[in-house]
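**Q** This is the structure I want to talk about, given as structure tokens.
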Amino acid sequence: MVEVAKIETYRDLEIWQKGIDVVREIYTLTAKFPKEESYGLASQMKRAAISISSNAAEGFRRQHNKEFKQFLFIVLGSCAELETQITIAKELGYIEHEKEKDMLEKTEHICRMTSNLIKKL
């Protein structure tokens, strides 16, 4: 039987880890957006992506399940916001369909993990 690693810090949360991966990808992706989007869609996408890991970390540090759960609901909202923005970026021709699909899958995976964690708390 494989022993499950104990979560000692927010950095051990897979939601946090995958959120950091998404941030890295969003920054790379938005660097290719037109200059006029620097303070528009690109900025919004970065903020939404950053919010995923940030709220998972903050909620974990609160050390109370009720508060942690509240922050995980914010994570779900940030995921939905980012998914919408990714679709907008595709519709505006800033990203290709395949990249949209890939990013939506990654974001949806984080949503599923977050929903499952909420149910367990």
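The values are calculated or read from the model by the stated rules, or taken from the named source; none is laboratory data. This one's a predicted model, so the numbers in the text were calculated from it and none came from an experiment. Cβ atoms come from the backbone with ideal geometry, glycine included; neighbour counts cover every protein chain shown.
**Q** Contact list please: Cβ distance under 8 Å, first residue in segment 70-95 and touching a residue at least 60 places away in the same chain (Cβ under 8 Å) and under 18 Å from F60 (Cα atoms), second residue crowded, with 22+ Cβ neighbours inside 10 Å and polar (S, T, N, Q), pairs at least six apart or on different chains.
**A** Every condition considered, the pairs that remain are V75/N55; V75/T114.
**Q** Under the condition of being of a type in the set (A, V, I, L, M, F, W, C) and surrounded by 17 or more Cβ atoms within 10 Å (Cβ to Cβ), which residue from segment 21-36 is farthest from L82 (Cα to Cα)?
**A** If we take residues in segment 21-36 being of a type in the set (A, V, I, L, M, F, W, C) and surrounded by 17 or more Cβ atoms within 10 Å (Cβ to Cβ), then F33 is farthest from L82 (Cα to Cα).
**Q** Separate question: With the condition kept exactly as written, say whether any residue in segment 86-96 is under 17 Å from T9 (Cα atoms), surrounded by 14 or more Cβ atoms within 10 Å (Cβ to Cβ) and not basic (K, R).
**A** No, segment 86-96 contains no residue that is under 17 Å from T9 (Cα atoms), surrounded by 14 or more Cβ atoms within 10 Å (Cβ to Cβ) and not basic (K, R).
**Q** Considering each residue of segment 53-69, count those that are under 16 Å from R11 (Cβ atoms), polar (S, T, N, Q) and more than 14 Å from the chain's Cα centre (by Cα), and give that number.
**A** Of the residues in that region, 1 qualify.
**Q** Could you list, in sequence order, all residues of segment 96-121 that are in contact with a helix residue (DSSP H, G or I) (Cβ under 8 Å, 6 or more places away or on another chain) and free of Cβ contacts under 8 Å to residues at least 12 places away in the same chain?
**A** E96, H97
**Q** Somewhere in segment 37-51, is a residue aromatic (F, W, Y), surrounded by 12 or more Cβ atoms within 10 Å (Cβ to Cβ) and either over 23 Å from E108 (Cα atoms) or at pLDDT 95 or above (or both)?
**A** Checked against the condition, which is being aromatic (F, W, Y), surrounded by 12 or more Cβ atoms within 10 Å (Cβ to Cβ) and either over 23 Å from E108 (Cα atoms) or at pLDDT 95 or above (or both), segment 37-51 yields no hits at all.
**Q** Here's another thing I want to ask about it. Does E108 qualify as being acidic (D, E) and either touching a Leu at 6+ places or on another chain (Cβ under 6 Å) or surrounded by 18 or more Cβ atoms within 10 Å (Cβ to Cβ) (or both)?
**A** Judged against the criteria, E108 is not a match.
**Q** Could I ask something else about it? Of the residues in segment 87-108, how many are within 12 Å of the chain's Cα centre (by Cα) and within 19 Å of Y27 (Cβ to Cβ)?
**A** Qualifying residue count for the region: 5.
**Q** Within the group L72, L82, which residue is buried (at least 18 other Cβ atoms within 10 Å of the Cβ), modelled with pLDDT of 95 or more, under 14 Å from the mean Cα position of the chain (by Cα) and within 19 Å of K120 (Cβ to Cβ)?
**A** L72
**Q** Among the listed residues I26, I52, identify the single one that is touching a Cys at 6+ places or on another chain (Cβ under 7 Å) and either within 27 Å of H97 (Cβ to Cβ) or among the acidic types (D, E) (or both).
**A** Within the list I26, I52, the selection yields I52.
**Q** Need a quick list: helices (runs of 4 or more DSSP H) entirely within segment 7-121 having at least 1 residues that are in contact with a Phe, Trp or Tyr (Cβ under 9 Å, 6 or more places away or on another chain) and among the hydroxyl-bearing types (S, T, Y).
**A** Hits in segment 7-121: 14-30, 41-62, 97-120.
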